[in-house]
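These notes concern the structure reproduced below.
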Amino acid sequence: MKMTPLMLILGGLLVYWASVAAMLFVPMIMMEDMPSEIWRPWTAQESAGHDLYVRNGCSYCHSLFIRANDWGHGAVRIAKAGDYYQQQPAILGTERTGPDLSQEGGLRPDDWHTAHFVNPRNTSPLSIMPAWEFLGMDKIRALTAFMQSQGLLMADDRMNRQTYWKEQAVAANKLGPDSNIEWLHSQIPPGWRMLPNPYPASDDAVERGTVIYEEFCVNCHGPMGAGDGPAAPFLDPRPLNFTTLRRHLVEGRYIGGILYYQVMNGITGSA
(Lines give C-alpha, C1' and ligand atoms only; values in the text may rest on other atoms or scores of the structure.)
Protein backbone atom coordinates (compact mmCIF):
# COMPACT_ATOMS: atom_id res chain seq x y z
CA MET A 1 0.00 0.00 0.00
CA LYS A 2 1.41 3.34 -1.04
CA MET A 3 1.66 5.96 1.72
CA THR A 4 0.00 9.18 0.64
CA PRO A 5 -0.88 12.38 2.57
CA LEU A 6 -4.52 11.28 2.55
CA MET A 7 -3.67 7.85 3.98
CA LEU A 8 -1.47 9.49 6.64
CA ILE A 9 -4.30 11.82 7.71
CA LEU A 10 -6.91 9.05 7.73
CA GLY A 11 -4.60 6.72 9.65
CA GLY A 12 -3.83 9.42 12.22
CA LEU A 13 -7.53 10.16 12.69
CA LEU A 14 -8.28 6.45 13.04
CA VAL A 15 -5.63 6.03 15.75
CA TYR A 16 -6.84 9.21 17.53
CA TRP A 17 -10.50 8.23 17.62
CA ALA A 18 -9.66 4.65 18.60
CA SER A 19 -7.70 6.03 21.56
CA VAL A 20 -10.52 8.39 22.52
CA ALA A 21 -13.02 5.55 22.37
CA ALA A 22 -10.84 3.25 24.48
CA MET A 23 -9.98 5.87 27.10
CA LEU A 24 -13.21 7.90 27.27
CA PHE A 25 -16.29 6.48 25.59
CA VAL A 26 -15.93 2.83 26.65
CA PRO A 27 -15.39 3.71 30.35
CA MET A 28 -18.37 6.10 30.18
CA ILE A 29 -20.59 3.36 28.79
CA MET A 30 -19.40 0.84 31.38
CA MET A 31 -19.72 3.21 34.34
CA GLU A 32 -22.80 2.61 36.45
CA ASP A 33 -24.41 5.79 37.72
CA MET A 34 -25.25 4.28 41.10
CA PRO A 35 -23.85 4.84 44.58
CA SER A 36 -21.68 2.21 46.23
CA GLU A 37 -22.53 0.50 49.51
CA ILE A 38 -20.49 3.04 51.51
CA TRP A 39 -21.70 6.18 49.72
CA ARG A 40 -23.50 9.02 51.47
CA PRO A 41 -24.01 12.67 50.47
CA TRP A 42 -21.58 15.27 51.78
CA THR A 43 -22.57 17.87 54.31
CA ALA A 44 -22.30 21.56 53.38
CA GLN A 45 -19.01 21.84 55.29
CA GLU A 46 -17.58 18.74 53.61
CA SER A 47 -18.56 20.12 50.19
CA ALA A 48 -16.81 23.40 51.05
CA GLY A 49 -13.74 21.40 52.03
CA HIS A 50 -13.84 19.52 48.72
CA ASP A 51 -13.94 22.85 46.88
CA LEU A 52 -10.86 24.01 48.82
CA TYR A 53 -9.12 20.71 48.07
CA VAL A 54 -9.75 21.16 44.34
CA ARG A 55 -8.94 24.88 44.12
CA ASN A 56 -5.69 24.58 46.08
CA GLY A 57 -4.30 21.76 43.96
CA CYS A 58 -4.13 19.08 46.67
CA SER A 59 -4.52 16.42 43.96
CA TYR A 60 -1.05 17.32 42.64
CA CYS A 61 0.43 15.34 45.55
CA HIS A 62 -2.46 13.25 46.94
CA SER A 63 -4.66 10.72 45.19
CA LEU A 64 -8.19 9.81 46.24
CA PHE A 65 -8.47 6.21 45.09
CA ILE A 66 -7.02 2.84 46.13
CA ARG A 67 -5.97 0.49 43.34
CA ALA A 68 -5.76 -3.29 43.55
CA ASN A 69 -1.96 -3.06 43.76
CA ASP A 70 -1.94 -0.49 46.59
CA TRP A 71 -1.14 -1.43 50.15
CA GLY A 72 -0.23 1.30 52.57
CA HIS A 73 -1.73 4.16 54.54
CA GLY A 74 -5.49 3.67 54.80
CA ALA A 75 -5.62 0.98 52.09
CA VAL A 76 -8.53 -0.96 53.57
CA ARG A 77 -10.75 -1.07 50.48
CA ILE A 78 -10.30 -0.91 46.71
CA ALA A 79 -12.09 2.12 45.22
CA LYS A 80 -15.31 1.64 43.29
CA ALA A 81 -16.95 3.96 40.75
CA GLY A 82 -19.99 4.33 43.01
CA ASP A 83 -17.81 5.87 45.75
CA TYR A 84 -17.67 9.04 43.62
CA TYR A 85 -21.39 9.23 42.86
CA GLN A 86 -22.55 12.85 42.34
CA GLN A 87 -19.08 14.30 43.02
CA GLN A 88 -18.54 17.43 40.98
CA PRO A 89 -15.77 17.52 40.00
CA ALA A 90 -14.39 14.09 40.85
CA ILE A 91 -10.70 14.92 41.26
CA LEU A 92 -8.98 11.59 41.87
CA GLY A 93 -5.36 12.57 41.24
CA THR A 94 -2.60 10.23 40.12
CA GLU A 95 0.39 11.46 42.14
CA ARG A 96 1.30 9.91 45.47
CA THR A 97 3.96 12.33 46.66
CA GLY A 98 1.88 12.29 49.84
CA PRO A 99 -0.31 9.41 51.02
CA ASP A 100 -3.56 8.46 49.33
CA LEU A 101 -6.43 10.10 51.23
CA SER A 102 -9.46 8.15 50.02
CA GLN A 103 -9.81 6.33 53.37
CA GLU A 104 -8.42 9.08 55.60
CA GLY A 105 -11.63 9.70 57.56
CA GLY A 106 -11.42 8.67 61.20
CA LEU A 107 -7.83 7.45 61.13
CA ARG A 108 -6.92 10.49 63.24
CA PRO A 109 -8.96 12.96 65.33
CA ASP A 110 -9.82 16.48 64.18
CA ASP A 111 -7.18 18.19 66.30
CA TRP A 112 -4.38 16.29 64.53
CA HIS A 113 -5.66 17.59 61.18
CA THR A 114 -5.86 21.15 62.51
CA ALA A 115 -2.24 21.03 63.65
CA HIS A 116 -1.24 19.41 60.35
CA PHE A 117 -2.97 21.96 58.08
CA VAL A 118 -1.64 24.93 60.04
CA ASN A 119 1.87 23.59 59.44
CA PRO A 120 2.54 19.98 58.37
CA ARG A 121 5.89 20.11 60.19
CA ASN A 122 3.83 20.33 63.39
CA THR A 123 2.93 16.67 63.01
CA SER A 124 5.41 15.31 60.44
CA PRO A 125 8.85 16.89 60.86
CA LEU A 126 10.09 15.67 57.46
CA SER A 127 6.98 16.68 55.50
CA ILE A 128 7.42 18.71 52.30
CA MET A 129 3.75 19.75 52.24
CA PRO A 130 3.17 23.54 52.30
CA ALA A 131 1.55 25.19 55.32
CA TRP A 132 -2.09 26.26 54.96
CA GLU A 133 -2.40 28.57 57.97
CA PHE A 134 -3.08 31.47 55.59
CA LEU A 135 -6.48 29.95 54.77
CA GLY A 136 -7.78 30.77 58.25
CA MET A 137 -9.33 28.45 60.79
CA ASP A 138 -12.80 28.31 59.20
CA LYS A 139 -11.40 26.95 55.95
CA ILE A 140 -9.04 24.62 57.80
CA ARG A 141 -12.06 23.21 59.64
CA ALA A 142 -13.80 22.69 56.28
CA LEU A 143 -10.75 20.89 54.88
CA THR A 144 -10.65 18.76 58.03
CA ALA A 145 -14.34 17.89 57.61
CA PHE A 146 -13.65 16.83 54.01
CA MET A 147 -10.71 14.68 55.12
CA GLN A 148 -12.85 13.05 57.80
CA SER A 149 -15.51 12.23 55.19
CA GLN A 150 -13.06 10.20 53.09
CA GLY A 151 -14.30 6.65 53.37
CA LEU A 152 -17.90 7.85 53.69
CA LEU A 153 -19.94 5.42 55.83
CA MET A 154 -16.80 3.51 56.79
CA ALA A 155 -15.22 6.80 57.85
CA ASP A 156 -18.32 7.68 59.87
CA ASP A 157 -17.86 4.49 61.89
CA ARG A 158 -14.23 5.36 62.55
CA MET A 159 -15.16 8.92 63.51
CA ASN A 160 -17.75 7.64 66.00
CA ARG A 161 -15.00 5.54 67.57
CA GLN A 162 -12.65 8.54 67.65
CA THR A 163 -15.31 10.71 69.32
CA TYR A 164 -16.08 8.11 71.97
CA TRP A 165 -12.47 7.49 72.90
CA LYS A 166 -11.52 11.17 72.77
CA GLU A 167 -14.09 11.85 75.50
CA GLN A 168 -12.50 9.08 77.58
CA ALA A 169 -8.96 10.31 76.93
CA VAL A 170 -9.76 13.96 77.72
CA ALA A 171 -11.56 13.00 80.94
CA ALA A 172 -8.63 10.84 82.11
CA ASN A 173 -6.12 13.56 81.25
CA LYS A 174 -7.99 16.13 83.34
CA LEU A 175 -7.69 13.91 86.45
CA GLY A 176 -3.91 14.40 86.55
CA PRO A 177 -0.82 12.37 85.62
CA ASP A 178 -1.36 9.45 88.01
CA SER A 179 -4.98 8.82 87.05
CA ASN A 180 -4.14 9.39 83.39
CA ILE A 181 -1.37 6.77 83.50
CA GLU A 182 -3.70 4.29 85.20
CA TRP A 183 -6.31 4.84 82.48
CA LEU A 184 -3.73 4.49 79.70
CA HIS A 185 -2.46 1.25 81.21
CA SER A 186 -6.01 -0.09 81.47
CA GLN A 187 -6.24 0.07 77.66
CA ILE A 188 -3.25 -2.28 77.26
CA PRO A 189 -4.06 -6.02 77.02
CA PRO A 190 -2.87 -7.71 80.24
CA GLY A 191 -0.43 -9.97 78.42
CA TRP A 192 1.53 -6.96 77.22
CA ARG A 193 1.80 -5.00 80.45
CA MET A 194 4.65 -6.85 82.14
CA LEU A 195 6.71 -7.72 79.06
CA PRO A 196 10.25 -6.37 79.43
CA ASN A 197 11.93 -4.58 76.57
CA PRO A 198 14.17 -7.18 74.90
CA TYR A 199 16.22 -4.48 73.21
CA PRO A 200 19.40 -3.67 75.17
CA ALA A 201 19.77 -0.05 76.28
CA SER A 202 23.22 0.28 74.73
CA ASP A 203 24.69 3.59 73.62
CA ASP A 204 24.09 2.63 69.98
CA ALA A 205 20.45 1.72 70.62
CA VAL A 206 19.80 4.95 72.52
CA GLU A 207 21.40 6.97 69.72
CA ARG A 208 19.27 5.26 67.08
CA GLY A 209 16.18 5.73 69.23
CA THR A 210 16.99 9.42 69.53
CA VAL A 211 17.01 9.78 65.74
CA ILE A 212 13.63 8.00 65.49
CA TYR A 213 12.22 10.23 68.23
CA GLU A 214 13.40 13.36 66.41
CA GLU A 215 11.79 12.19 63.15
CA PHE A 216 8.42 11.06 64.48
CA CYS A 217 7.81 12.20 68.07
CA VAL A 218 9.48 15.52 68.82
CA ASN A 219 6.81 17.74 67.26
CA CYS A 220 4.18 16.60 69.75
CA HIS A 221 6.21 15.55 72.79
CA GLY A 222 8.89 18.24 72.46
CA PRO A 223 12.69 18.01 72.31
CA MET A 224 12.98 17.10 76.01
CA GLY A 225 9.81 14.98 76.15
CA ALA A 226 7.89 17.60 78.15
CA GLY A 227 4.80 17.44 75.91
CA ASP A 228 5.49 20.93 74.56
CA GLY A 229 6.16 20.36 70.86
CA PRO A 230 4.82 22.79 68.24
CA ALA A 231 1.73 20.62 67.63
CA ALA A 232 0.86 20.44 71.33
CA PRO A 233 -1.23 23.67 71.57
CA PHE A 234 -3.67 22.25 69.01
CA LEU A 235 -4.14 18.87 70.72
CA ASP A 236 -6.60 17.75 73.38
CA PRO A 237 -5.60 15.75 75.33
CA ARG A 238 -2.12 17.20 75.32
CA PRO A 239 0.82 14.88 74.55
CA LEU A 240 2.26 13.07 77.55
CA ASN A 241 4.95 14.90 79.50
CA PHE A 242 7.54 12.16 79.89
CA THR A 243 9.55 14.22 82.38
CA THR A 244 6.75 13.76 84.94
CA LEU A 245 6.80 9.98 84.54
CA ARG A 246 10.13 9.42 86.31
CA ARG A 247 8.45 7.86 89.37
CA HIS A 248 6.44 5.51 87.18
CA LEU A 249 9.59 4.50 85.32
CA VAL A 250 11.59 3.97 88.54
CA GLU A 251 8.79 1.89 90.04
CA GLY A 252 8.66 -0.23 86.90
CA ARG A 253 5.08 0.75 86.11
CA TYR A 254 5.89 2.04 82.62
CA ILE A 255 7.95 -0.68 81.04
CA GLY A 256 8.79 -2.13 77.65
CA GLY A 257 5.57 -3.93 76.76
CA ILE A 258 3.36 -0.95 77.57
CA LEU A 259 5.46 1.56 75.64
CA TYR A 260 5.83 -0.84 72.72
CA TYR A 261 2.09 -1.47 72.49
CA GLN A 262 1.25 2.25 72.66
CA VAL A 263 3.84 3.23 70.04
CA MET A 264 2.76 0.37 67.75
CA ASN A 265 -1.02 1.00 67.99
CA GLY A 266 -1.37 4.60 69.12
CA ILE A 267 -4.03 5.69 71.60
CA THR A 268 -7.45 5.94 69.98
CA GLY A 269 -9.03 9.33 70.67
CA SER A 270 -5.69 11.07 71.03
CA ALA A 271 -3.65 12.59 68.25
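The values are calculated or read from the model by the stated rules, or taken from the named source; none is laboratory data. Bear in mind the structure is a predicted one, so any value in this text is a computation, not a measurement. Here Cβ is always computed from backbone atoms with ideal geometry, including for glycine, and neighbour counts include all displayed protein chains. These area figures cover heavy atoms from the full protein model, side chains too; ligands, DNA and RNA do not enter into them. Shrake-Rupley method; radii C 1.70, N 1.55, O 1.52, S 1.80 Å.
Tell me which helices (runs of 4 or more DSSP H) are completely within the range 168-270 and hold 1 or more residues being farther than 22 Å from PRO120 by Cβ, or say none if there are none. Quick ask: steps written out before the conclusion?
Values: elements: 177-186, 190-193, 203-216, 218-221, 246-250, 256-265.
Once the helices (runs of 4 or more DSSP H) in the range 168-270 are filtered for at least 1 residues that are farther than 22 Å from PRO120 by Cβ, what remains is 177-186, 190-193, 203-216, 246-250, 256-265.
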Checking THR123 against (1) out of contact with any His (no Cβ under 6 Å at 6 or more places or on another chain); (2) modelled with pLDDT under 95; (3) more than 25 Å from TYR84 (Cβ to Cβ); (4) not small (Gly, Ala, Ser), only one condition comes out false. Which one? (1)
In the range 57-72, what residues are open to solvent by less than 50 Å² (accessible area, probe 1.4 Å) and either in contact (Cβ under 8 Å) with a residue 60 or more places away in the chain or not hydroxyl-bearing (Ser, Thr, Tyr) (or both)? GLY57, CYS58, HIS62, LEU64, PHE65, ILE66, ASP70, GLY72
For GLU32, are the conditions met, namely being part of a loop (DSSP other than H, G, I, E, B) and either at pLDDT below 85 or in contact with a Ser or Thr (Cβ under 7 Å, 6 or more places away or on another chain) (or both)? yes
All but one of (1) part of a loop (DSSP other than H, G, I, E, B); (2) under 21 Å from ILE267 (Cα atoms); (3) of a type in the set (A, V, I, L, M); (4) open to solvent by 40 Å² or more (accessible area, probe 1.4 Å) hold for LEU92; state the number of the condition that does not hold. (2)
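Given the criterion assigned to a helix (DSSP H, G or I), open to solvent by 50 Å² or more (accessible area, probe 1.4 Å) and farther than 14 Å from PRO230 by Cα, identify the matching residue among LEU153, LEU143. Explain how you work it out, then say what you get.
Values: LEU143 fails: open to solvent by 50 Å² or more (accessible area, probe 1.4 Å).
Just one listed residue meets the conditions, LEU153.
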Taking the criterion of being in contact with an Asp or Glu (Cβ under 9 Å, 6 or more places away or on another chain) and part of a helix (DSSP H, G or I), would at least one residue in the range 118-139 satisfy it? yes
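Can you tell me which residue among ALA18, ALA48, ALA22 is among the small types (Gly, Ala, Ser), modelled with pLDDT under 90 and open to solvent by less than 90 Å² (accessible area, probe 1.4 Å)? I'd like the intermediate steps shown before the answer.
Details: ALA18 fails: modelled with pLDDT under 90; ALA48 fails: modelled with pLDDT under 90.
So the residue among ALA18, ALA48, ALA22 that is among the small types (Gly, Ala, Ser), modelled with pLDDT under 90 and open to solvent by less than 90 Å² (accessible area, probe 1.4 Å) is ALA22.
Condition check ((1) in contact with a helix residue (DSSP H, G or I) (Cβ under 9 Å, 6 or more places away or on another chain); (2) more than 29 Å from GLY105 (Cα to Cα); (3) in contact (Cβ under 8 Å) with a residue 40 or more places away in the chain) across all residues:
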residue	(1), (2), (3)
GLN148	yes, no, yes
ARG158	yes, no, yes
GLN168	yes, no, yes
ILE181	yes, no, yes
GLN187	yes, no, yes
PRO196	yes, yes, yes
SER202	no, yes, no
ILE212	no, no, no
Is the range 73-80 home to any residue that is touching a Pro at 6+ places or on another chain (Cβ under 9 Å), assigned to a loop (DSSP other than H, G, I, E, B), open to solvent by less than 100 Å² (accessible area, probe 1.4 Å) and at pLDDT below 90? yes
Within the range 95-106, count every residue that is open to solvent by less than 70 Å² (accessible area, probe 1.4 Å) and out of contact with any His (no Cβ under 6 Å at 6 or more places or on another chain). 6
Does the range 9-21 contain at least one residue that is aromatic (Phe, Trp, Tyr) and not in a helix (DSSP H, G or I)? no
For the range 183-202, which residues satisfy the criterion of being over 15 Å from VAL263 (Cα atoms) and surrounded by 13 or more Cβ atoms within 10 Å (Cβ to Cβ)? TRP183
Determine if the range 25-36 includes at least one residue that is open to solvent by less than 90 Å² (accessible area, probe 1.4 Å) and closer than 30 Å to LYS139 by Cβ. yes
Looking at (1) under 18 Å from PHE146 (Cα atoms); (2) open to solvent by 60 Å² or more (accessible area, probe 1.4 Å); (3) among the acidic types (Asp, Glu), can you tell me which one ASP111 breaks? (2)
